[in-house]
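What follows is a single structure, written as structure tokens, with notes after it.
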Amino acid sequence: DGGITQSPKYLFRKEGQNVTLSCEQNLNHDAMYWYRQDPGQGLRLIYYSQIVNDFQKGDIAEGYSVSREKKESFPLTVTSAQKNPTAFYLCASNNGLAQTPGELFFGEGSRLTVL
Amino acid sequence: GQQVMQIPQYQHVQEGEDFTTYCNSSTTLSNIQWYKQRPGGHPVFLIQLVKSGEVKKQKRLTFQFGEAKKNSSLHITATQTTDVGTYFCAGSNSGYSTLTFGKGTMLLVSP
């Protein structure tokens, strides 16, 4: 089955700890994205990558870091510098930015709770 | 930066009633997409509109893109309990930019 796999589904961490969320896709998409969703809020873009070994900051990149060493993988690290990390994190992919961007395919999300 | 506003934030209807959510952008959009997120789930793509004044239908769902390409709407005719969820619009400016999401409209349908 083609799709996006995020892990873990639920994660608890203590304040001051870094945590890495995994995102893997087998859709052969060029572009991958990380969004943050808070209750009653829309999706806010954290980072995105259009090609291997390249990525750009989104609207709320502070306190987060990413890497794109393989086309299939785009892990997100939530660092201790992120002041309010408790949220639902969604990874997505598509064929990349274009005059008319393609639909986003989302993973099932990772819910992070900081204790 | 680009802002996409969506109203209402929340709507509760009786099964069989109609429902509409509206999306307004502060800038002209090159395209707009609509997504549905079921409770506890992830967003799923519904449709994309790219042309000024475009209207598309999917069974009971009707999507419109405004003539000025700054607003859009999603109308559901005769809602069913399976329509429950949050509906998001997302738009991008011309020039290969990323999508900006509205905050969504949460729809609750009572049987």
Inset, instruction - Check every one of the strands (runs of 3 or more DSSP E) wholly within chain B and list those with 2 or more residues that are polar (S, T, N, Q) and within 11 Å of chain A (Cβ to nearest Cβ). - result: B:31-37, B:85-92
Inset, instruction - For residues that are open to solvent by less than 30 Å² (accessible area, probe 1.4 Å) and of a type in the set (Ser, Thr, Tyr), tally how many sit in region A:64-74. - result: 2
Inset, instruction - Evaluate the following for B:Gly41: is it small (Gly, Ala, Ser) and within 18 Å of B:Val109 (Cβ to Cβ)? - result: yes
Legend entry - region B:8-50: number of residues that are buried (at least 18 other Cβ atoms within 10 Å of the Cβ) and of a type in the set (Asp, Glu): 0
Inset, instruction - Please work out which one of (1) among the small types (Gly, Ala, Ser); (2) assigned to a loop (DSSP other than H, G, I, E, B); (3) in contact (Cβ under 8 Å) with a residue 12 or more places away in the chain is the condition A:Gly40 fails and give its number. - result: (3)
Legend entry - Of all residues in region A:85-115 being more than 22 Å from B:Thr100 (Cα to Cα) and not hydroxyl-bearing (Ser, Thr, Tyr), the one that is nearest to the other protein chains (Cβ to nearest Cβ): A:Leu112
Inset, instruction - Give the residue that is least open to solvent (accessible area, probe 1.4 Å), with candidates limited to residues of region A:75-115 that are hydrophobic (A, V, I, L, M, F, W, C) and farther than 25 Å from B:Arg38 by Cα. - result: A:Val78
Legend entry - Where A:Gln82 falls short, out of the listed (1) away from chain B (no Cβ under 12 Å); (2) assigned to a strand (DSSP E or B): (2)
Legend entry - Residue identified as within 13 Å of chain B (Cβ to nearest Cβ) and buried (at least 16 other Cβ atoms within 10 Å of the Cβ) among A:Gln6, A:Gln25, A:Gln41, A:Gln56: A:Gln6
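The values are calculated or read from the model by the stated rules, or taken from the named source; none is laboratory data. For clarity, every value in this text was computed on a predicted model and none was experimentally measured. Every residue, glycine among them, receives a Cβ derived from its backbone with ideal geometry; neighbour counts consider all protein chains shown. Please note that ligands, DNA and RNA were not included when accessible areas were found on the heavy atoms of the full protein model with its side chains. Shrake-Rupley method; radii C 1.70, N 1.55, O 1.52, S 1.80 Å.
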